[in-house]
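Asks: Have a look at this one before I ask anything.
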Amino acid sequence: MERIFEQIPRFFSGPNLTLLLESAGLTLAMTMAGCLIGFGLAFVLVYVRQTPGKWAMPLRWICILYVEVFRRIPFIVVVYLVLFFIQAVTPDASLFTIAVIAICLYAVAYTADIIRGGLESVPQTQVEAAQAMNLSRLQTNLRIVLPQAWPVIVPPAIAFAVSFIKDTALVSQVGVFELTFRGKELNNQGYSGILVFGTIAFCYFLLSFPLSMLGQYLEKRLGTPRGQRRTRKLWSP
Amino acid sequence: MAHLAVSDVRASYGALEVLKGISFSIEKGEIAALVGPSGSGKSTVLRALMGLTPITGGEVDIAGETMNYSSAREVRAARDRMAIVFQQYNLFQNMTVMQNLTLAPLKIKNWDKAEVASEARRLLSLVGLADKADAFSDQLSGGQQQRVALARALALKPQILLLDEVTSALDPELVNEVLDAIRKLADEGMTMVIVSHEMAFVREVADKVAFMDAGQIVETGTPAELFDAPKTDRARDFFSKILRH
(Lines give C-alpha, C1' and ligand atoms only; values in the text may rest on other atoms or scores of the structure.)
Protein backbone atom coordinates (compact mmCIF):
# COMPACT_ATOMS: atom_id res chain seq x y z
CA MET A 1 0.00 0.00 0.00
CA GLU A 2 2.82 2.37 0.90
CA ARG A 3 4.40 1.61 -2.44
CA ILE A 4 1.24 2.83 -4.20
CA PHE A 5 1.21 6.20 -2.41
CA GLU A 6 4.88 6.58 -3.07
CA GLN A 7 4.33 5.94 -6.79
CA ILE A 8 1.39 8.30 -7.23
CA PRO A 9 3.31 11.51 -7.99
CA ARG A 10 5.58 9.74 -10.45
CA PHE A 11 2.71 7.81 -12.05
CA PHE A 12 0.62 10.90 -12.73
CA SER A 13 3.51 12.72 -14.35
CA GLY A 14 3.30 14.43 -17.71
CA PRO A 15 4.56 11.68 -20.02
CA ASN A 16 2.37 9.01 -18.41
CA LEU A 17 -0.71 11.20 -18.54
CA THR A 18 -0.10 12.02 -22.18
CA LEU A 19 0.26 8.33 -22.85
CA LEU A 20 -3.00 7.51 -21.07
CA LEU A 21 -4.84 10.35 -22.75
CA GLU A 22 -3.59 9.26 -26.15
CA SER A 23 -4.62 5.69 -25.61
CA ALA A 24 -8.01 6.75 -24.26
CA GLY A 25 -8.49 8.81 -27.41
CA LEU A 26 -7.44 5.84 -29.48
CA THR A 27 -9.92 3.58 -27.68
CA LEU A 28 -12.72 6.08 -28.25
CA ALA A 29 -11.78 6.74 -31.89
CA MET A 30 -11.55 3.03 -32.63
CA THR A 31 -14.91 2.26 -31.07
CA MET A 32 -16.73 5.20 -32.59
CA ALA A 33 -15.29 4.69 -36.07
CA GLY A 34 -16.03 0.98 -35.96
CA CYS A 35 -19.52 1.39 -34.56
CA LEU A 36 -20.53 4.26 -36.85
CA ILE A 37 -19.29 2.55 -40.02
CA GLY A 38 -20.75 -0.71 -38.76
CA PHE A 39 -24.07 0.97 -38.03
CA GLY A 40 -24.19 2.41 -41.55
CA LEU A 41 -23.32 -0.93 -43.14
CA ALA A 42 -25.89 -2.66 -40.95
CA PHE A 43 -28.59 -0.53 -42.63
CA VAL A 44 -27.41 -1.73 -46.02
CA LEU A 45 -27.42 -5.31 -44.77
CA VAL A 46 -30.96 -5.04 -43.39
CA TYR A 47 -32.16 -3.40 -46.60
CA VAL A 48 -30.66 -6.18 -48.71
CA ARG A 49 -32.06 -8.78 -46.34
CA GLN A 50 -35.57 -7.38 -46.84
CA THR A 51 -35.37 -7.49 -50.64
CA PRO A 52 -38.42 -9.35 -51.85
CA GLY A 53 -38.50 -11.79 -54.75
CA LYS A 54 -37.06 -15.17 -55.63
CA TRP A 55 -33.95 -13.83 -57.34
CA ALA A 56 -32.83 -12.17 -54.08
CA MET A 57 -32.96 -15.43 -52.13
CA PRO A 58 -29.14 -15.98 -52.13
CA LEU A 59 -28.61 -12.35 -51.05
CA ARG A 60 -31.04 -12.76 -48.17
CA TRP A 61 -29.33 -15.97 -47.08
CA ILE A 62 -25.89 -14.34 -47.14
CA CYS A 63 -27.16 -11.54 -44.89
CA ILE A 64 -28.80 -13.93 -42.44
CA LEU A 65 -25.73 -16.15 -42.42
CA TYR A 66 -23.43 -13.19 -41.77
CA VAL A 67 -25.41 -12.04 -38.74
CA GLU A 68 -25.82 -15.53 -37.33
CA VAL A 69 -22.14 -16.46 -37.79
CA PHE A 70 -20.56 -13.26 -36.46
CA ARG A 71 -22.80 -13.22 -33.41
CA ARG A 72 -21.47 -16.65 -32.51
CA ILE A 73 -17.74 -15.90 -32.80
CA PRO A 74 -15.88 -14.37 -29.84
CA PHE A 75 -14.73 -10.85 -30.63
CA ILE A 76 -11.08 -11.71 -30.01
CA VAL A 77 -11.26 -14.44 -32.67
CA VAL A 78 -12.65 -11.91 -35.15
CA VAL A 79 -9.74 -9.61 -34.27
CA TYR A 80 -7.15 -12.31 -34.96
CA LEU A 81 -8.89 -13.39 -38.16
CA VAL A 82 -8.93 -9.81 -39.46
CA LEU A 83 -5.31 -9.31 -38.38
CA PHE A 84 -3.99 -12.34 -40.23
CA PHE A 85 -6.26 -11.87 -43.21
CA ILE A 86 -5.35 -8.20 -43.70
CA GLN A 87 -1.67 -8.83 -43.14
CA ALA A 88 -1.74 -11.54 -45.76
CA VAL A 89 -3.22 -9.09 -48.27
CA THR A 90 -1.44 -5.83 -47.35
CA PRO A 91 1.44 -6.37 -44.92
CA ASP A 92 1.76 -2.70 -44.07
CA ALA A 93 -1.81 -2.02 -42.90
CA SER A 94 -1.81 -0.19 -39.57
CA LEU A 95 -2.98 -1.98 -36.46
CA PHE A 96 -5.51 0.80 -35.93
CA THR A 97 -7.08 0.07 -39.33
CA ILE A 98 -7.20 -3.61 -38.49
CA ALA A 99 -8.86 -2.89 -35.15
CA VAL A 100 -11.46 -0.63 -36.76
CA ILE A 101 -12.28 -3.24 -39.39
CA ALA A 102 -12.69 -5.93 -36.74
CA ILE A 103 -14.95 -3.70 -34.62
CA CYS A 104 -16.90 -2.76 -37.71
CA LEU A 105 -17.50 -6.38 -38.78
CA TYR A 106 -18.68 -7.21 -35.29
CA ALA A 107 -20.86 -4.09 -34.92
CA VAL A 108 -22.64 -4.82 -38.22
CA ALA A 109 -23.81 -8.21 -36.97
CA TYR A 110 -25.06 -6.84 -33.66
CA THR A 111 -26.69 -3.61 -34.81
CA ALA A 112 -28.35 -5.24 -37.85
CA ASP A 113 -30.82 -7.00 -35.58
CA ILE A 114 -31.46 -3.78 -33.63
CA ILE A 115 -32.20 -1.95 -36.89
CA ARG A 116 -34.36 -4.76 -38.24
CA GLY A 117 -36.38 -4.79 -35.04
CA GLY A 118 -36.81 -1.02 -35.26
CA LEU A 119 -37.97 -1.08 -38.89
CA GLU A 120 -40.38 -3.92 -38.19
CA SER A 121 -41.90 -1.99 -35.27
CA VAL A 122 -43.42 0.48 -37.74
CA PRO A 123 -46.93 -0.71 -38.63
CA GLN A 124 -47.22 -2.45 -41.99
CA THR A 125 -50.18 -0.18 -42.77
CA GLN A 126 -47.76 2.77 -43.08
CA VAL A 127 -45.83 0.82 -45.70
CA GLU A 128 -49.02 -0.05 -47.57
CA ALA A 129 -50.14 3.58 -47.65
CA ALA A 130 -46.78 4.46 -49.18
CA GLN A 131 -46.92 1.58 -51.67
CA ALA A 132 -50.40 2.62 -52.79
CA MET A 133 -48.86 5.99 -53.72
CA ASN A 134 -46.15 4.29 -55.75
CA LEU A 135 -43.31 5.14 -53.39
CA SER A 136 -40.42 2.77 -54.07
CA ARG A 137 -39.10 0.48 -51.35
CA LEU A 138 -36.11 2.77 -50.79
CA GLN A 139 -38.30 5.89 -50.65
CA THR A 140 -40.71 4.18 -48.27
CA ASN A 141 -37.86 3.17 -45.97
CA LEU A 142 -36.09 6.53 -46.01
CA ARG A 143 -39.12 8.81 -45.81
CA ILE A 144 -41.70 6.83 -43.86
CA VAL A 145 -40.31 3.83 -42.01
CA LEU A 146 -36.89 5.00 -40.83
CA PRO A 147 -38.03 8.34 -39.33
CA GLN A 148 -40.59 6.43 -37.28
CA ALA A 149 -38.12 3.69 -36.34
CA TRP A 150 -35.40 5.99 -34.89
CA PRO A 151 -36.87 6.11 -31.37
CA VAL A 152 -36.82 2.32 -31.31
CA ILE A 153 -33.34 1.96 -32.85
CA VAL A 154 -31.26 4.66 -31.14
CA PRO A 155 -31.37 3.64 -27.44
CA PRO A 156 -30.22 0.02 -27.89
CA ALA A 157 -27.71 1.06 -30.58
CA ILE A 158 -26.04 3.49 -28.18
CA ALA A 159 -26.19 0.94 -25.39
CA PHE A 160 -24.33 -1.42 -27.70
CA ALA A 161 -21.64 1.15 -28.48
CA VAL A 162 -21.22 1.98 -24.79
CA SER A 163 -20.78 -1.61 -23.77
CA PHE A 164 -18.53 -2.21 -26.74
CA ILE A 165 -16.02 0.39 -25.54
CA LYS A 166 -15.07 -2.09 -22.85
CA ASP A 167 -14.79 -5.01 -25.23
CA THR A 168 -12.31 -3.15 -27.42
CA ALA A 169 -9.79 -3.87 -24.64
CA LEU A 170 -9.37 -7.18 -26.41
CA VAL A 171 -7.60 -5.58 -29.37
CA SER A 172 -4.67 -4.91 -27.04
CA GLN A 173 -3.93 -8.59 -27.73
CA VAL A 174 -2.75 -7.70 -31.23
CA GLY A 175 -0.73 -4.72 -30.05
CA VAL A 176 -2.94 -1.68 -30.63
CA PHE A 177 -1.82 0.98 -28.14
CA GLU A 178 -5.24 1.41 -26.56
CA LEU A 179 -5.93 1.80 -22.85
CA THR A 180 -5.52 -1.76 -21.66
CA PHE A 181 -2.32 -2.19 -23.67
CA ARG A 182 -0.84 0.92 -22.04
CA GLY A 183 -1.93 -0.41 -18.68
CA LYS A 184 0.02 -3.60 -19.14
CA GLU A 185 2.99 -1.59 -20.34
CA LEU A 186 2.99 0.72 -17.30
CA ASN A 187 2.50 -2.27 -15.03
CA ASN A 188 5.58 -3.88 -16.58
CA GLN A 189 7.51 -0.67 -15.91
CA GLY A 190 7.09 -1.40 -12.22
CA TYR A 191 4.05 0.64 -11.32
CA SER A 192 1.62 -0.99 -8.94
CA GLY A 193 -1.00 -3.02 -10.75
CA ILE A 194 -3.71 -1.67 -8.49
CA LEU A 195 -2.74 1.90 -9.26
CA VAL A 196 -2.39 1.33 -13.00
CA PHE A 197 -5.52 -0.67 -13.60
CA GLY A 198 -7.52 1.41 -11.14
CA THR A 199 -6.70 4.43 -13.28
CA ILE A 200 -7.45 2.52 -16.47
CA ALA A 201 -10.81 1.46 -15.06
CA PHE A 202 -11.61 5.06 -14.26
CA CYS A 203 -10.65 6.06 -17.83
CA TYR A 204 -13.09 3.51 -19.27
CA PHE A 205 -15.79 4.93 -17.04
CA LEU A 206 -15.01 8.47 -18.20
CA LEU A 207 -15.23 7.36 -21.81
CA SER A 208 -18.52 5.52 -21.62
CA PHE A 209 -20.42 7.66 -19.13
CA PRO A 210 -20.89 10.71 -21.41
CA LEU A 211 -22.01 8.33 -24.17
CA SER A 212 -24.65 6.88 -21.88
CA MET A 213 -25.80 10.40 -21.10
CA LEU A 214 -25.98 11.16 -24.81
CA GLY A 215 -28.06 8.04 -25.23
CA GLN A 216 -30.48 9.12 -22.52
CA TYR A 217 -30.71 12.61 -23.99
CA LEU A 218 -31.47 11.27 -27.47
CA GLU A 219 -34.00 8.86 -26.06
CA LYS A 220 -35.82 11.75 -24.40
CA ARG A 221 -35.53 14.03 -27.40
CA LEU A 222 -36.78 11.47 -29.86
CA GLY A 223 -39.52 10.82 -27.34
CA THR A 224 -42.08 8.10 -27.52
CA PRO A 225 -42.92 7.18 -31.06
CA ARG A 226 -45.55 9.41 -32.66
CA GLY A 227 -49.06 8.13 -33.05
CA GLN A 228 -50.66 5.02 -31.75
CA ARG A 229 -48.77 1.80 -32.18
CA ARG A 230 -50.70 -0.91 -33.83
CA THR A 231 -49.69 -4.49 -34.14
CA ARG A 232 -48.79 -5.60 -37.61
CA LYS A 233 -51.92 -6.37 -39.54
CA LEU A 234 -51.25 -9.17 -41.96
CA TRP A 235 -54.41 -8.88 -43.97
CA SER A 236 -57.95 -7.72 -43.74
CA PRO A 237 -60.72 -9.49 -45.57
CA MET B 1 -66.47 1.71 -72.46
CA ALA B 2 -66.43 1.13 -68.73
CA HIS B 3 -64.10 3.31 -66.72
CA LEU B 4 -63.19 0.39 -64.48
CA ALA B 5 -63.92 -3.18 -65.47
CA VAL B 6 -63.04 -6.08 -63.22
CA SER B 7 -63.62 -9.55 -64.59
CA ASP B 8 -63.20 -12.86 -62.80
CA VAL B 9 -60.55 -11.49 -60.44
CA ARG B 10 -59.17 -14.00 -57.97
CA ALA B 11 -56.90 -13.64 -54.96
CA SER B 12 -55.62 -16.00 -52.29
CA TYR B 13 -53.85 -15.85 -48.97
CA GLY B 14 -51.85 -19.05 -49.16
CA ALA B 15 -54.27 -21.90 -49.73
CA LEU B 16 -57.29 -19.79 -48.77
CA GLU B 17 -59.00 -18.30 -51.82
CA VAL B 18 -60.51 -14.99 -50.63
CA LEU B 19 -61.72 -13.69 -54.00
CA LYS B 20 -63.36 -16.38 -56.09
CA GLY B 21 -63.89 -14.60 -59.38
CA ILE B 22 -65.11 -11.05 -58.91
CA SER B 23 -66.65 -9.18 -61.85
CA PHE B 24 -68.14 -5.71 -61.96
CA SER B 25 -67.75 -2.51 -63.95
CA ILE B 26 -68.44 1.17 -63.46
CA GLU B 27 -68.73 4.11 -65.82
CA LYS B 28 -66.97 7.42 -65.42
CA GLY B 29 -68.58 9.47 -62.66
CA GLU B 30 -70.41 6.51 -61.22
CA ILE B 31 -70.26 5.38 -57.61
CA ALA B 32 -70.29 1.67 -56.88
CA ALA B 33 -70.66 0.27 -53.39
CA LEU B 34 -69.51 -3.13 -52.15
CA VAL B 35 -71.53 -4.32 -49.17
CA GLY B 36 -71.71 -7.60 -47.30
CA PRO B 37 -70.72 -9.33 -44.08
CA SER B 38 -67.26 -9.09 -42.54
CA GLY B 39 -64.79 -11.45 -44.16
CA SER B 40 -66.68 -11.53 -47.44
CA GLY B 41 -63.71 -10.01 -49.32
CA LYS B 42 -64.95 -6.44 -49.89
CA SER B 43 -61.76 -4.78 -48.69
CA THR B 44 -59.67 -7.37 -50.47
CA VAL B 45 -61.19 -6.26 -53.78
CA LEU B 46 -59.90 -2.72 -53.17
CA ARG B 47 -56.53 -4.00 -51.93
CA ALA B 48 -56.20 -6.19 -55.01
CA LEU B 49 -56.96 -3.22 -57.27
CA MET B 50 -54.17 -1.26 -55.55
CA GLY B 51 -51.74 -4.17 -55.91
CA LEU B 52 -51.51 -4.63 -52.14
CA THR B 53 -52.93 -8.14 -52.30
CA PRO B 54 -51.63 -10.15 -55.26
CA ILE B 55 -54.16 -11.08 -57.92
CA THR B 56 -53.94 -14.72 -58.97
CA GLY B 57 -56.33 -14.60 -61.92
CA GLY B 58 -58.73 -12.51 -63.94
CA GLU B 59 -58.49 -9.15 -65.64
CA VAL B 60 -58.67 -5.50 -64.65
CA ASP B 61 -59.29 -2.74 -67.22
CA ILE B 62 -58.82 0.87 -66.24
CA ALA B 63 -60.04 3.49 -68.73
CA GLY B 64 -59.90 0.92 -71.51
CA GLU B 65 -56.41 -0.32 -70.69
CA THR B 66 -55.88 -3.88 -69.52
CA MET B 67 -53.54 -4.01 -66.53
CA ASN B 68 -51.36 -7.05 -65.98
CA TYR B 69 -50.88 -7.14 -62.23
CA SER B 70 -48.02 -9.62 -62.41
CA SER B 71 -45.89 -6.89 -63.97
CA ALA B 72 -44.50 -4.41 -61.43
CA ARG B 73 -44.57 -1.70 -64.08
CA GLU B 74 -48.28 -2.14 -64.76
CA VAL B 75 -49.09 -2.28 -61.04
CA ARG B 76 -47.40 1.11 -60.82
CA ALA B 77 -49.51 2.31 -63.75
CA ALA B 78 -52.69 1.10 -62.02
CA ARG B 79 -51.70 2.82 -58.77
CA ASP B 80 -50.99 5.95 -60.76
CA ARG B 81 -54.63 6.08 -61.87
CA MET B 82 -56.26 5.23 -58.55
CA ALA B 83 -56.05 6.29 -54.92
CA ILE B 84 -57.24 4.51 -51.81
CA VAL B 85 -58.43 5.74 -48.42
CA PHE B 86 -57.99 3.18 -45.65
CA GLN B 87 -60.25 2.36 -42.73
CA GLN B 88 -57.46 3.27 -40.29
CA TYR B 89 -56.51 6.46 -42.25
CA ASN B 90 -52.80 5.40 -42.29
CA LEU B 91 -51.53 8.96 -42.33
CA PHE B 92 -47.75 9.11 -42.20
CA GLN B 93 -47.09 9.64 -38.50
CA ASN B 94 -43.75 11.37 -38.98
CA MET B 95 -45.16 14.07 -41.25
CA THR B 96 -47.42 17.06 -40.96
CA VAL B 97 -50.79 17.14 -42.68
CA MET B 98 -49.30 19.26 -45.47
CA GLN B 99 -46.37 16.88 -45.97
CA ASN B 100 -48.78 13.95 -46.11
CA LEU B 101 -50.66 15.66 -48.92
CA THR B 102 -47.68 16.82 -50.95
CA LEU B 103 -45.23 13.90 -50.62
CA ALA B 104 -46.40 11.80 -53.56
CA PRO B 105 -47.41 14.68 -55.87
CA LEU B 106 -43.93 16.19 -55.45
CA LYS B 107 -41.73 13.10 -55.27
CA ILE B 108 -43.62 10.60 -57.39
CA LYS B 109 -45.66 12.64 -59.84
CA ASN B 110 -43.04 15.40 -60.05
CA TRP B 111 -45.68 18.12 -60.30
CA ASP B 112 -44.94 21.81 -59.91
CA LYS B 113 -44.19 22.74 -56.30
CA ALA B 114 -46.32 25.88 -56.13
CA GLU B 115 -49.29 24.20 -57.80
CA VAL B 116 -49.07 21.18 -55.50
CA ALA B 117 -49.03 23.44 -52.45
CA SER B 118 -52.01 25.52 -53.56
CA GLU B 119 -53.95 22.39 -54.57
CA ALA B 120 -53.20 20.85 -51.17
CA ARG B 121 -54.55 23.96 -49.44
CA ARG B 122 -57.66 23.89 -51.65
CA LEU B 123 -58.29 20.25 -50.73
CA LEU B 124 -57.79 20.93 -47.03
CA SER B 125 -60.42 23.65 -47.16
CA LEU B 126 -62.67 21.30 -49.14
CA VAL B 127 -62.59 18.85 -46.23
CA GLY B 128 -62.80 21.73 -43.74
CA LEU B 129 -59.29 21.48 -42.31
CA ALA B 130 -57.53 24.50 -43.78
CA ASP B 131 -56.17 25.43 -40.34
CA LYS B 132 -54.59 22.01 -39.71
CA ALA B 133 -51.90 22.08 -42.41
CA ASP B 134 -49.03 22.02 -39.90
CA ALA B 135 -50.56 19.56 -37.43
CA PHE B 136 -49.30 16.02 -36.94
CA SER B 137 -51.82 13.23 -37.18
CA ASP B 138 -51.70 12.44 -33.46
CA GLN B 139 -52.96 15.96 -32.79
CA LEU B 140 -56.12 15.30 -34.81
CA SER B 141 -59.34 13.46 -34.01
CA GLY B 142 -60.22 10.33 -35.95
CA GLY B 143 -62.69 12.19 -38.14
CA GLN B 144 -60.13 14.89 -38.89
CA GLN B 145 -57.49 12.27 -39.70
CA GLN B 146 -59.85 10.51 -42.05
CA ARG B 147 -60.66 13.78 -43.82
CA VAL B 148 -56.93 14.43 -44.21
CA ALA B 149 -56.57 10.93 -45.65
CA LEU B 150 -59.35 11.76 -48.10
CA ALA B 151 -57.60 15.00 -49.10
CA ARG B 152 -54.30 13.12 -49.44
CA ALA B 153 -55.91 10.66 -51.85
CA LEU B 154 -57.47 13.51 -53.85
CA ALA B 155 -54.13 15.31 -54.07
CA LEU B 156 -53.02 12.48 -56.37
CA LYS B 157 -55.77 13.50 -58.82
CA PRO B 158 -56.97 9.90 -59.20
CA GLN B 159 -59.28 8.82 -62.00
CA ILE B 160 -60.88 6.40 -59.56
CA LEU B 161 -61.10 6.76 -55.80
CA LEU B 162 -61.34 3.67 -53.58
CA LEU B 163 -62.83 4.09 -50.10
CA ASP B 164 -62.28 1.19 -47.70
CA GLU B 165 -64.76 1.37 -44.80
CA VAL B 166 -63.68 4.94 -44.18
CA THR B 167 -66.14 5.54 -41.36
CA SER B 168 -65.85 2.20 -39.53
CA ALA B 169 -63.10 3.32 -37.17
CA LEU B 170 -64.81 6.59 -36.25
CA ASP B 171 -66.93 7.61 -33.30
CA PRO B 172 -70.57 7.93 -34.39
CA GLU B 173 -70.63 11.72 -34.09
CA LEU B 174 -67.59 12.01 -36.37
CA VAL B 175 -69.03 9.87 -39.15
CA ASN B 176 -71.07 12.64 -40.70
CA GLU B 177 -68.18 15.04 -41.19
CA VAL B 178 -66.44 12.39 -43.31
CA LEU B 179 -69.60 11.46 -45.19
CA ASP B 180 -70.24 15.14 -45.95
CA ALA B 181 -66.80 15.39 -47.54
CA ILE B 182 -67.52 12.31 -49.67
CA ARG B 183 -70.90 13.76 -50.73
CA LYS B 184 -69.07 16.81 -52.07
CA LEU B 185 -66.87 14.53 -54.19
CA ALA B 186 -69.90 12.68 -55.46
CA ASP B 187 -71.41 16.01 -56.53
CA GLU B 188 -68.18 16.83 -58.37
CA GLY B 189 -68.53 13.61 -60.38
CA MET B 190 -65.66 11.61 -58.90
CA THR B 191 -65.67 7.94 -59.88
CA MET B 192 -65.63 5.90 -56.69
CA VAL B 193 -65.72 2.36 -55.39
CA ILE B 194 -66.93 2.38 -51.81
CA VAL B 195 -66.80 -0.39 -49.23
CA SER B 196 -69.20 0.63 -46.50
CA HIS B 197 -71.47 -0.47 -43.72
CA GLU B 198 -73.38 2.84 -43.82
CA MET B 199 -76.38 1.55 -45.72
CA ALA B 200 -78.29 4.83 -45.61
CA PHE B 201 -75.30 6.59 -47.10
CA VAL B 202 -74.84 3.93 -49.76
CA ARG B 203 -78.51 4.26 -50.70
CA GLU B 204 -78.05 8.02 -51.01
CA VAL B 205 -74.88 8.24 -53.11
CA ALA B 206 -74.32 4.91 -54.85
CA ASP B 207 -75.41 4.29 -58.43
CA LYS B 208 -75.01 0.56 -58.05
CA VAL B 209 -74.43 -1.87 -55.25
CA ALA B 210 -72.82 -5.28 -55.22
CA PHE B 211 -73.57 -7.64 -52.35
CA MET B 212 -70.61 -9.87 -51.54
CA ASP B 213 -70.41 -13.03 -49.53
CA ALA B 214 -67.58 -15.57 -49.12
CA GLY B 215 -65.37 -14.04 -51.81
CA GLN B 216 -68.07 -13.76 -54.45
CA ILE B 217 -70.52 -11.16 -55.69
CA VAL B 218 -73.88 -12.69 -54.93
CA GLU B 219 -76.18 -10.00 -56.29
CA THR B 220 -75.92 -6.60 -57.95
CA GLY B 221 -78.37 -3.82 -58.62
CA THR B 222 -79.33 -0.29 -57.73
CA PRO B 223 -79.50 0.44 -54.00
CA ALA B 224 -83.28 0.40 -54.14
CA GLU B 225 -83.39 -2.95 -55.94
CA LEU B 226 -80.95 -4.59 -53.59
CA PHE B 227 -82.05 -3.12 -50.28
CA ASP B 228 -85.80 -3.24 -50.81
CA ALA B 229 -86.23 -6.33 -52.95
CA PRO B 230 -83.21 -8.61 -52.82
CA LYS B 231 -83.60 -11.64 -55.11
CA THR B 232 -81.21 -14.07 -53.46
CA ASP B 233 -81.81 -15.69 -50.08
CA ARG B 234 -78.35 -14.73 -48.83
CA ALA B 235 -78.88 -11.05 -49.63
CA ARG B 236 -82.40 -11.08 -48.21
CA ASP B 237 -81.09 -12.61 -45.00
CA PHE B 238 -78.26 -10.05 -44.72
CA PHE B 239 -80.32 -6.95 -45.44
CA SER B 240 -83.19 -8.05 -43.22
CA LYS B 241 -80.70 -8.24 -40.36
CA ILE B 242 -78.89 -4.95 -40.87
CA LEU B 243 -81.64 -2.69 -42.21
CA ARG B 244 -84.03 -3.49 -39.38
CA HIS B 245 -82.25 -1.20 -36.90
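Asks: Near A:K184, which lysines are there with a Cα under 20 Å away, not counting those fewer than 8 places off in the same chain?
Replies: Excluding near neighbours in sequence, the set is A:K166.
Asks: Name the residues of region A:117-137 whose accessible area falls by at least 40 Å² when all protein chains are present instead of the chain alone, probe 1.4 Å?
Replies: Buried by 40 Å² or more upon assembly, which counts only protein chains, are A:Q126, A:E128, A:A129, A:Q131, A:A132, A:M133, A:N134.
Asks: Something else about it: What percent do you get for the relative contact order of region A:7-222 when only Cα pairs under 8 Å and 6+ apart count? Don't skip to the answer; put the middle values down first.
Replies: Details: 198 pairs, mean separation 62.1, N = 216.
Result for region A:7-222 is 29 percent.
Asks: Given the convex hull of the Cα atoms of region A:35-137, what is a quarter of its surface area in nm²?
Replies: On the way: hull surface 32.3 nm².
One quarter of the hull surface, i.e. the mean projection, equals 8.1 nm².
Asks: Whole Å is fine, so just give me how far the alpha carbon centre of region B:6-79 lies from that of region B:148-196.
Replies: Going from one Cα centre to the other spans 19 Å.
Asks: If you don't mind, there's one more thing I want to ask. Search the structure for amide H atoms under 5 Å from the amide H of B:Q87, placed 1.01 Å from N in the peptide plane, and list their residues when 5 or more places away or on another chain.
Replies: Sorted by chain and number, the residues that satisfy this are B:D164.
Asks: Per residue, how big is the convex hull of region B:130-245 when only Cα atoms are used? Give it in Å³. Spell out each step's value before the answer.
Replies: Working: hull volume 14.6 nm³, N = 116.
Normalising the Cα hull of region B:130-245 by residue number yields 126 Å³.
Asks: Sorted from largest down, give the three principal axis spans of the alpha carbons of the protein assembly as shown, whole angstrom values.
Replies: 104, 47, 45
Asks: Which percent, nearest 5, of DSSP beta bridges in the protein assembly as shown are antiparallel? Before the final figure, lay out each step's value.
Replies: On the way: 23 of 40 bridges.
In the protein assembly as shown, DSSP labels about 60 percent of beta bridges as antiparallel.
Asks: Let me ask something additional. At the nearest 100 Å², what buried accessible area, both sides summed, do you get for A and B when the probe is 1.4 Å?
Replies: Values: alone 13740 and 11470 Å², together 22580 Å².
Summed over both sides, the interface buries about 2600 Å².
Asks: Under 25 °C and 0.890 mPa s, how fast does chain B diffuse according to Stokes-Einstein, given a Kirkwood radius computed over C-alpha pairs? Answer in µm²/s, whole number. If you can, show how the numbers build up before the last one.
Replies: Working: Rh = 18.5 Å.
The diffusion coefficient I find is 133 µm²/s.
Asks: While we're on this one: Regarding chain A, what are the three Cα extents along the principal axes, ordered largest first, in Å?
Replies: Principal extents (Cα only, largest first): 79, 44, 24 Å.
Asks: Return the carbon/sulfur percentage of the accessible area of the protein assembly as shown, one whole number, probe 1.4 Å, all protein chains in place.
Replies: Values: 13380 of 22580 Å².
Answer for the protein assembly as shown is 59 percent, counting heavy atoms of protein chains only.
Asks: How high is the FRET efficiency from A:M57 to B:D134, r the C-beta distance, R0 45 Å, rounded to 0.05? Please list the in-between numbers first.
Replies: Numbers: r = 45 Å, r/R0 = 0.99.
The value I calculate is 0.50.
Asks: Something else now. Take each complete run of DSSP H in chain A, measure how far its Cα atoms stretch along the helix's own axis, and keep only those covering 24 Å or more with mean Kyte-Doolittle hydropathy at least -1.0; list them.
Replies: Working: long enough: A:14-49 (51 Å, 1.42); A:95-120 (37 Å, 1.55); A:146-167 (31 Å, 1.08); A:193-222 (43 Å, 1.14).
Membrane-span-like by this rule: A:14-49, A:95-120, A:146-167, A:193-222.
Asks: Would you be so kind as to list the residues of region B:89-135 that have their accessible area lowered by at least 40 Å² in the full protein complex compared with their chain by itself (1.4 Å probe)?
Replies: Those residues are B:N90, B:F92, B:Q93, B:N94, B:L103, B:K107, B:I108.
Asks: Short version: what are the Cα gyration tensor semi-axes of region A:129-206, square root of 5 times each eigenvalue, largest first, in whole Å? If you can, show how the numbers build up before the last one.
Replies: Numbers: eigenvalues 444, 32, 7 Å².
Each semi-axis is the square root of five times an eigenvalue, giving 47, 13, 6 Å.
Asks: A:Q7 to B:R76: FRET efficiency via 1/(1 + (r/R0)^6), r the Cβ-Cβ distance, R0 51 Å, to the nearest 0.05? Present the calculation step by step, with values, prior to reporting the outcome.
Replies: Details: r = 73 Å, r/R0 = 1.44.
In this case the efficiency is close to 0.10.
Asks: Report D for region A:71-124 in µm² per second (integer): Stokes-Einstein, Kirkwood Rh on Cα pairs, 20 °C, 1.002 mPa s. Intermediate values should be presented prior to the final figure.
Replies: On the way: Rh = 12.6 Å.
It comes out at roughly 170 µm²/s.
Asks: Can you work out the accessible area per residue across the protein assembly as shown, with the rest of the protein chains kept in place, probe 1.4 Å, in square angstrom? Show your work: numbers first, answer last.
Replies: Working: 22580 Å² over 482 residues.
For the protein assembly as shown, the solvent-accessible area averages 47 Å² per residue.
The values are calculated or read from the model by the stated rules, or taken from the named source; none is laboratory data. Because the structure is predicted, anything quoted here is derived from the model rather than measured. Using ideal geometry, Cβ is built from the backbone for each residue, glycine included, and neighbour counts are taken over all protein chains shown. To get the accessible areas, we keep the full protein, side chains included, count just its heavy atoms, and leave off ligands, DNA and RNA. Shrake-Rupley method; radii C 1.70, N 1.55, O 1.52, S 1.80 Å.
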